[in-house]
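The values are calculated or read from the model by the stated rules, or taken from the named source; none is laboratory data. Values in this document were obtained by computation on a predicted structure and should not be read as measured data. All Cβ positions, glycine included, derive from the backbone under ideal geometry; neighbour counts span all protein chains shown.
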Amino acid sequence: MKIYQKKFFIKFHISSALKASNAYKKKGVPVVEIFQYLFLLIFSNRSMYMNMLTGRNTPSFAKDTVYRFMKMIQINWIRFTTLLSARIIKEAIVPLNSENRVNVLIIDDSLFERNRSKKVELLAKIYDHAKHKYAFGFRMLTLGWSDGCTFLPINSVLLSTENSKNRMNEAVEMDKRTVGYKRRKLSMKKGTHAMLTLLEAAKKAEISAKYVLFDSWFSSPSTLHAVKNMGYDVIGMVKKTPKMFFRYNGEAMSLASIYNQNKKRRGKSRYLLSVTIEVVKDDAIIPAKVVYVRNRNKRKEYLCLISTNVNLDENEIIRIYGKRWDIEVFFKVCKSYLNLSRECNSLSYDTMTAHTAVDFTRYMMLSLESRESSDTRSLGELFLHFSDEMADITWIKAFQMLLQMFRTILTDYTELSDEKITQLVDAFMDTLPVMLKTKLRAA
């Protein structure tokens, strides 16, 4: 595991990405060493506190050094993860792909729970749409990249809420010129505003993608216009609400009204209806295609997909939108295996942001390893494989220490010569199982 991690850090220049994001020190422990320790912590199956308590996998620096690093307000973690993902995409993925492959950006959010906390900075009361109840925490708005085979997280922001009544705690006061202040201000913006900030960072990093995918929570005329003006086409799901109107045949109509006015396709077609509409916002007009997709489980229900590229075939729109599922897998792996919200118990908003960036980096390594090795195992199985490898190495080191102690005791409490002690140790080694003997000699 450490060998692959070292290779990953060197190949994609983690140190320079940290420095470009204002994460550097003029003296003392190098920042990359602290980041590497945090990166490997999850694979040891122990927290930093337990490692220091037991004396295993202890770093060469104090725990306060780690805490100060994660609380640094000048580090731009959005820039760091964006730079790193851009390097991986440009150097390791895009050169191996066909020019005809469709690369997409995916926007979605997931709940970052802190239910047991009361004093967390900017803690908010958030509605969980999956469990249909309120919880304390943040909305982790995430921008990801996918080519249909590999998913990489690009950047994210932990959204609190713009409604001060739902914020349990306010942000700490700090210099308004710092990155820490700006990310706190961003966390109190609407999700659609924060989404554009994340997209602008990806655009600046020149990450190759033609479409932006998102679900119905982000699909509004203003969002469609904003993303289109940035140079991306949109493929998203739209709510069938009577409050949202599009221009169809010169009239402002809801999607349900448009559906009722047209004849549907019969048979086993993947979609029921396809129409060309106009998205109007402040006298600006964008042509778009709406595809009504049948719900095979409930014949009377349908979903609405919208594409700002009217030249796309309906089946192609459905196929490309299917890539949005990759970000759901990402959220599941981060929460179930990488301890996204359970590993960090800090009250600082900066620390939680730093922890999210570390988790994103872990996922990037796992995703790249899965692609490069053509591994049939899931990312969760790869994570467990790396964790087991870390445990084996630690156990071997402990066994070597016991052997060294055995040699020391023989030297101090017996009159045996060094040659005789070596013979006894060699004889003991010969009685060990072959697998254990091989690992000890390799180490």
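For the reader, a short list of remarks on this structure follows.
- ALA194 vs. criteria touching a residue at least 40 places away in the same chain (Cβ under 8 Å), surrounded by 19 or more Cβ atoms within 10 Å (Cβ to Cβ), among the small types (Gly, Ala, Ser) and over 23 Å from PHE136 (Cβ atoms): no
- Counting residues in segment 156-168 that are touching a helix residue (DSSP H, G or I) at 6+ places or on another chain (Cβ under 6 Å) and β-branched (Val, Ile, Thr) gives one or more.
- So SER367, is it part of a loop (DSSP other than H, G, I, E, B) and modelled with pLDDT under 95: no
- Filter pass, GLY191 being under 30 Å from GLU369 (Cα atoms) and not assigned by TED's automatic domain parsing to the domain that holds LEU224: no
- Breaking point among (1) farther than 30 Å from ALA357 by Cβ; (2) surrounded by 15 or more Cβ atoms within 10 Å (Cβ to Cβ), for PRO242: (2)
- Count of segment 116-130 residues, restricted to those that are loosely packed, with under 12 Cβ neighbours inside 10 Å and without any contact (Cβ under 8 Å) to a residue 60 or more places away in the chain, is 4.
- Residue within segment 253-269 that is under 22 Å from VAL227 (Cα atoms) and either over 19 Å from the mean Cα position of the chain (by Cα) or buried (at least 21 other Cβ atoms within 10 Å of the Cβ) (or both) present: yes
- Looking across segment 333-346, the residues that are in contact with a Ser or Thr (Cβ under 9 Å, 6 or more places away or on another chain) and not in a loop (DSSP other than H, G, I, E, B) come down to VAL333, CYS334, LYS335.
- Of all residues making up segment 240-251, the number that are touching a residue at least 24 places away in the same chain (Cβ under 8 Å) and either over 35 Å from the mean Cα position of the chain (by Cα) or in a helix (DSSP H, G or I) (or both): 2
- Evaluation of ALA23 against the conditions (1) in a helix (DSSP H, G or I); (2) surrounded by 18 or more Cβ atoms within 10 Å (Cβ to Cβ) shows that the sole unmet condition is (1).
- Selection from segment 26-64 of residues that are closer than 24 Å to ARG177 by Cα and either touching a residue at least 24 places away in the same chain (Cβ under 8 Å) or surrounded by 19 or more Cβ atoms within 10 Å (Cβ to Cβ) (or both): VAL31
- Boolean, THR353 is among the β-branched types (Val, Ile, Thr), at pLDDT below 80 and either part of a loop (DSSP other than H, G, I, E, B) or crowded, with 19+ Cβ neighbours inside 10 Å (or both): no
Okay, residues lined up against (1) loosely packed, with under 13 Cβ neighbours inside 10 Å; (2) at negative phi:
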position	(1), (2)
ASP282	yes, no
ASN295	yes, yes
ARG299	yes, yes
ILE317	no, yes
PHE330	no, yes
ASN345	no, yes
